[in-house]
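The values are calculated or read from the model by the stated rules, or taken from the named source; none is laboratory data. Just so we're clear, the structure is a prediction, and the values are computed from it rather than from any experiment. Quick reminder, even Gly has a Cβ in these numbers, built from the backbone with ideal geometry, and neighbours come from all protein chains shown.
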Amino acid sequence: MAKKEGVPWNAFIITALIFLMTQFLGLLVGHRLFNQGLVEYIEPGTSLISFFVAFAIAIVLIFLFLNIMQGKFIHLFFAFAIFIGTQTVFSAYFPIGLATALAIFIVLIRYLKPSIITQNLAISLTVAGIGASLGLMFSVPVVLFLLVALSYYDIIAVYKTKHMLTMFNKMMEKGVILSLVVPERLKDLTASQIKYQKKKGKRKKSGAKFFMLGTGDITFPIIFAVSALQHSIFSSLFIIAGAFVGLLFDYYIIIKTKEPIPALPPIALFSMIGLIIALLLF
């Protein structure tokens, strides 16, 4: 899901750079692990059932934690996810001990020095690591099915039930932002994230503008691109290029409608088109 607060086109440049850097980082990690033979594709039926069961459980747990538990429990899960994702990235290039230490460091700076830039750093490393890991588990047909199914879910969750927006807003209130946060002005990248949330209404009135891109919208192109390594690196690159076109399309729609939209469907569609073009050319 993409959310917008009066963002002009110049903010898209920042969003695009972070998006592309995260995509290529995830692909690099996946490619390195792929060359190391760390590929274990799960049987399609088993992987799909497991994924949807885990996805449903995750959604239910998030709602329970948001409505029943205190904010600290949500932060523990968020911190754990950051640790797992970042350790995957670092362990692809460093010994496990150093990778673990670096992952802990990322978690600490995210919470001890909260800002837009540390938020984006943590999210980028997290989704790159998790996306690369899942891409090495799912075959391309499985990923294609997931993209179609979750794109449909994204549309329902944003436009029909609207529970995605409710969940997103509640998590923001608790200081857990599962998205990239891109301000209009570069100097706001170092602004305190906590202060930013507490003064959200005031900042909005004063003209502060930002763009938020959900983790799912960033992670699934990485999963798709890494999964496509079984065909060729060109397929993966074309998938990322297609996902970028989808992001551009999302941003155009947001500028026009000035409303939150389900960002995954265009990203998924254009990344699929990218794969088709790559298979025809190579």
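Residues of segment 239-282 that are in contact (Cβ under 8 Å) with a residue 24 or more places away in the chain, of a type in the set (F, W, Y) and closer than 17 Å to T15 by Cα: F244, Y251.
For every residue, the table says whether it meets (1) at pLDDT below 65; (2) touching a Lys or Arg at 6+ places or on another chain (Cβ under 6 Å).
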| position | (1), (2) |
| --- | --- |
| I156 | no, no |
| L165 | no, no |
| N169 | no, no |
| K174 | yes, no |
| E184 | no, yes |
| Q197 | yes, no |
| K204 | yes, no |
| K209 | yes, no |
| A225 | no, no |
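In this structure, T219 does not qualify as closer than 23 Å to Y152 by Cα and without any contact (Cβ under 8 Å) to a residue 12 or more places away in the chain. Taken over segment 118-141, residues that are of a type in the set (A, V, I, L, M), out of contact with any Leu (no Cβ under 6 Å at 6 or more places or on another chain) and either crowded, with 24+ Cβ neighbours inside 10 Å or part of a helix (DSSP H, G or I) (or both) amount to 8.
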